[in-house]
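The values are calculated or read from the model by the stated rules, or taken from the named source; none is laboratory data. This one's a predicted model, so the numbers in the text were calculated from it and none came from an experiment. Cβ placement follows ideal geometry from the backbone for every residue including glycine, while neighbour counts extend to all protein chains displayed. Ligands, DNA and RNA are stripped out before the accessible areas are found, and what is left, the full protein with its side chains, is counted by its heavy atoms. Shrake-Rupley method; radii C 1.70, N 1.55, O 1.52, S 1.80 Å.
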Amino acid sequence: MTQIKNIGLYTSGGDAPGMNAAIRAVVRSALYYDIEVTGILRGYEGMVRNDMFKMNRKSVSNIVQRGGTILKTARCDAFRTPEGRKLAYDNLKKNNIDALVAIGGDGTFTGAKIFGHEYDIPIVGLPGTIDNDLMGTDFTIGYDTAINTVVNAVDKIRDTAESHDRLFIVEVMGRDSGLIALRTGIAAGAEAILIPENKNGMAGLLDRLENGRKDKTSRIVIAAEGDDAGGAFEIGRIVTERFPHYDTRVSILGHIQRGGKPTCMDRVLASRVGVAAVEALRDGHRNEMIGVIHNEISYTPFEHAIKHDHEISNNFLKIVEILSL
Ligand code: ATP
């Protein structure tokens, strides 16, 4: 058992629904084990600027259901430099922080990995990103809420698409990863899905429009931001050029995908990994991300968690093809 007295807790990178549930879980379980918690505002920015405060049981009351993050988040360039990280470490020492829990995505864990190798401070991470693009966990905190937000929005777009006989290109988040597009495309009954991992997405869509059933009056296409065609407006332009008889529209869902009340799945995931993070620090874990794989808590070194080799299941793309007959 490692004697930890004061955990520094921060959220960093893009916000994700369920981060507050994770904050609550870390604070309450630390207090349960007689460990103090210091909240660090705006991630690495607050570490570098010494923007921290003591947290207690009440600082996390009534937040389990709230989107965003009460600790705020930011991107911090100073932390990318050795001088910035030295400042951060000195501020942690000033506040008697002897361990860290980081909630964020791959950038957050890249920073944590470098920091944990430079300085002797145990750090564990919780996967908080709507992108679900981390290794070492089946799902990340925020993903389930984000995909449900997308599906609800696309259902609404479908109503108007159907009424006006339109073809809609709906852009969802995912510059480097099609994981949001893939699941929501299936759930929303998309005609086609364009994702960064598939370089034949645009060609496949054109083929489908050329050779597929002609009697459909409305169609929904889901495109991740990093699709192979260069964005939803470019897809719209190409489709309109080739098929001028389609009444084509583009809809960018944007930041609504990051907000809102976390779903039950996200709250439970956040609560489980939050408790497990505090227990992991007590058990001597460091430089690891805590996730859930096959319903069991898992521990993955930061350098493996941030590897971008999440495989896109061809099976998922096949399902879209079969079901959009
Ligand atoms: P999301 O996946 O939701 O965007 P993220 O955690 O990947 O979240 P980033 O903006 O990539 O978000 O990273 C968050 C912060 O982590 C950066 O602003 C920076 O302070 C720190 N960070 C990222 N990469 C490094 C690095 N190579 N060295 C030091 N710090 C880094």
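Can you give the FRET efficiency to the nearest 0.05 for Tyr32 and Asp176, using r as the Cβ-Cβ distance and R₀ = 45 Å? Numbers along the way, then the final one.
Details: r = 38 Å, r/R0 = 0.84.
Here the calculated transfer efficiency is 0.75.
In terms of modelled amide H atoms, which long-range or inter-chain residues lie less than 5 Å from the amide H of Arg166?
Arg219
If you stretched the chain out fully between Ile319 and His245, how much longer would it get, using 0.36 nm times the residue separation minus the C-alpha to C-alpha distance?
Values: separation 74, 0.36 × 74 = 26.64 nm, distance 2.77 nm.
This chain segment gains 23.9 nm when fully extended.
Amide H of Ser298 versus every other amide H placed in the peptide plane: which residues, excluding those fewer than 5 positions away on the same chain, fall under 5 Å?
HN-HN under 5 Å from Ser298: Gly291, Val292, Ile293.
For segment 91-99, take each phi angle, set θ = phi - 60°, evaluate the Karplus expression 6.51 cos²θ - 1.76 cosθ + 1.60, and give the result in whole Hz per residue in order, putting x for glycine and proline.
Result, ordered by residue: 5, 4, 4, 4, 8, 6, 7, 10, 6 Hz.
Would you kindly compute the Cα radius of gyration of the chain and its largest Cα-Cα separation (Dmax), both in Å?
When restricted to Cα atoms, the chain yields Rg and Dmax of 21.7, 70 Å.
Per the helix-only calculation at 222 nm, which mean residue ellipticity applies to the chain, given -39500 (n - 2.57) for every DSSP H run of n ≥ 4 and division by its residues, nearest 500 deg cm²/dmol? Can you show the working numbers first?
Working: 11 runs with 132 residues, N = 325.
Result for the chain: -12500 deg cm²/dmol, rounded to the nearest 500.
Pull up the cross-link candidates among the aspartates and glutamates for Lys86, meaning alpha carbon to alpha carbon under 18 Å and not fewer than 8 places away within one chain.
Cross-link targets: Glu45, Asp51, Asp77, Asp98, Glu118, Asp120.
Using the Kirkwood radius over Cα pairs, work out the Stokes-Einstein diffusion coefficient for segment 1-45 at 37 °C and 0.692 mPa s, in µm²/s as a whole number. Before the final figure, lay out each step's value.
Working: Rh = 11.4 Å.
For the chosen part, D equals 289 µm²/s.
Could you give me the ³J(HN,Hα) list for segment 20-32, computed from phi with Karplus coefficients 6.51, -1.76, 1.60 and θ = phi - 60°, whole Hz, x at Gly and Pro?
Coupling constants for segment 20-32: 5, 5, 5, 4, 4, 5, 5, 5, 5, 6, 4, 4, 4 Hz.
Set the Förster radius R0 to 45 Å, insert the Cβ-Cβ distance between Asp165 and Ala78 as r into 1/(1 + (r/R0)^6), and round the FRET efficiency to 0.05.
So the FRET efficiency works out to roughly 0.25.
Using all C-alpha to C-alpha distances in segment 1-136, build P(r) with 5 Å bins and read off the rounded percent in each one.
That works out to 2, 11, 22, 26, 21, 13, 5, 0, in percent per bin.
Under a 10 Å cutoff between Cα atoms, tell me which one of His308, His117, His245 has the largest fluctuation in the Gaussian network model of the chain.
So, out of His308, His117, His245, the one fluctuating most is His245.
Quick check: convex hull of the Cα atoms in segment 145-258, volume per residue, rounded to a whole Å³? Please report the intermediate quantities before stating the final value.
Working: hull volume 9.7 nm³, N = 114.
That works out to 85 Å³ per residue.
Could you identify which residue out of Ser251, Ser313, Ser12 has the top mean-square fluctuation in a GNM of the chain using Cα springs shorter than 10 Å?
It is Ser313.
Beyond a 31 Å Cα-Cα separation, which of these cross-linked pairs lie in this structure: Lys216/Lys261; Lys156/Lys199; Lys94/Lys261; Lys214/Lys261?
Numbers: Lys216/Lys261 35 Å; Lys156/Lys199 29 Å; Lys94/Lys261 36 Å; Lys214/Lys261 40 Å.
Distance filter (> 31 Å) returns Lys216/Lys261; Lys94/Lys261; Lys214/Lys261.
What accessible area, in Å² to the nearest ten, does a 1.4 Å probe give for Lys156?
For Lys156, solvent-accessible area is about 150 Å².
Pairs of alpha-carbon atoms within less than 8 angstrom and 6+ residues apart define the contacts here; what relative contact order does segment 190-325 have, in percent? Before the final figure, lay out each step's value.
Working: 106 pairs, mean separation 32.8, N = 136.
Value for segment 190-325: 24 percent.
When the Cα centres of segment 135-204 and segment 48-95 are compared, how far apart do they sit, in Å?
One Cα centre to the other: 33 Å.
Once amide H atoms are built 1.01 Å from N in the peptide plane, which residues 5 or more positions from Gly8, or in another chain, come under 5 Å H to H?
For Gly8, the qualifying residues are Thr38, Asp98, Ala99, Leu100, Val101.
With θ set to phi - 60° and the Karplus curve 6.51 cos²θ - 1.76 cosθ + 1.60, what are the ³J(HN,Hα) couplings of segment 148-163 in order, to the nearest whole Hz, using x for Gly and Pro?
Running phi through 6.51 cos²θ - 1.76 cosθ + 1.60 with θ = phi - 60° gives 5, 4, 5, 4, 4, 5, 5, 4, 5, 4, 4, 4, 6, 4, 5, 5 Hz.
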